Every structure is written in structure tokens, then in C-alpha cells.
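The structure that follows is given in the form of C-alpha cells.
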Amino acid sequence: MDKRINIQKLEPQAYQAMLGLEEYLAKTSISKNLKELIKIRSSQLNHCAFCINMHTKDALANGEKEQRIFLLSAWREAREFFSDQEKTVLEMTEEITLIHQHGLREELYDKALNYFSENEVAEIIMAIVTINSWNRIAVSTQLPI
């Protein structure tokens, strides 16, 4: 693998802006475990080994069960391991990560509002958008695991 650029070193202001999003997310009302599920699932979809490695470790450190992490890529088939709220967020994660397919469907958005306030839905969307940005940085610069 050829060595690629280091955005943190070359463009520290851009990197700081990304860290600002992380600081915002740390203060949101959504749980750490739910944020890690978002980060892992999005990273799986984006084939970001660096982020999968980081966020599975973080999830375990936050008390997430190994079995749920193992089953996350097949959450639809392992539905009994995830709450209805988590399933809704995982589906949102997939639709926003794969936005080119059809975007966040109206019915899923409405379903999310059954479980979460408008502010919480905004926080969830921002968590998904942020990890997608990190994934794109890590994959395009080939960050090593």
C-alpha cells in the first residue's frame, strides 16, 4: 500500500471541524451504545476497517455485548437481539449511508418520530452523517488499522 496524505497534519482546521462534530455528539441525548451501533453499522457498509476496529473496541468498553456486535451486519435476521428503537436507527443508518438508493424514506422518518423527539432524530441524523464523513476520510486516505 502506498502511503497517502494525513489530513490531520495537512489540514488541521478541517480535522478540528470534524472533531467539533464529535464534541457536539458527545453532548447529545442519544446513548453511547446507540451511537456506537450507528458507527459500526455505517463503517461496515462503507468497508472502513479502521473505523470498524475502533468502534467495536469502543462499544465493548461501553459495555456492549459481543454477540450483538457479531450480529450487527445481520441485524434484520437477528431482530430479537435489538430493540425496536435500535432497529429503526439501524435502518436509518443504512438508508442515510446508502443515500444514493432512495434516501431516508418518509415512512421510516415517521417511524423514528414514534420513538424519538424531533431533536433526537436530528441528533441521530448528525451521528450518521458524521461517521460517514469519518469513513470517507479513513477509506480515501487508507488509514491503517
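The values are calculated or read from the model by the stated rules, or taken from the named source; none is laboratory data. On a predicted model such as this, the values are computed, not experimentally measured, just so you know. Positions of Cβ are backbone-derived with ideal geometry, glycine not excepted, and every protein chain shown enters the neighbour counts.
Consider P144 against the criteria (1) at pLDDT 95 or above; (2) assigned to a loop (DSSP other than H, G, I, E, B); (3) not β-branched (V, I, T): it satisfies all of them except one. Which criterion is unmet?
Status for P144: all satisfied but (1).
On to the next question. Please give the number of the condition L72 fails out of (1) assigned to a helix (DSSP H, G or I); (2) within 22 Å of Q142 (Cβ to Cβ).
The single condition L72 does not satisfy is (2).
If you take the residues in segment 6-51 that are among the hydrophobic types (A, V, I, L, M, F, W, C) and closer than 20 Å to K87 by Cβ, which one is farthest from the chain's Cα centre (by Cα)?
Checked segment 6-51; the qualifying residue farthest from the chain's Cα centre (by Cα) is I30.
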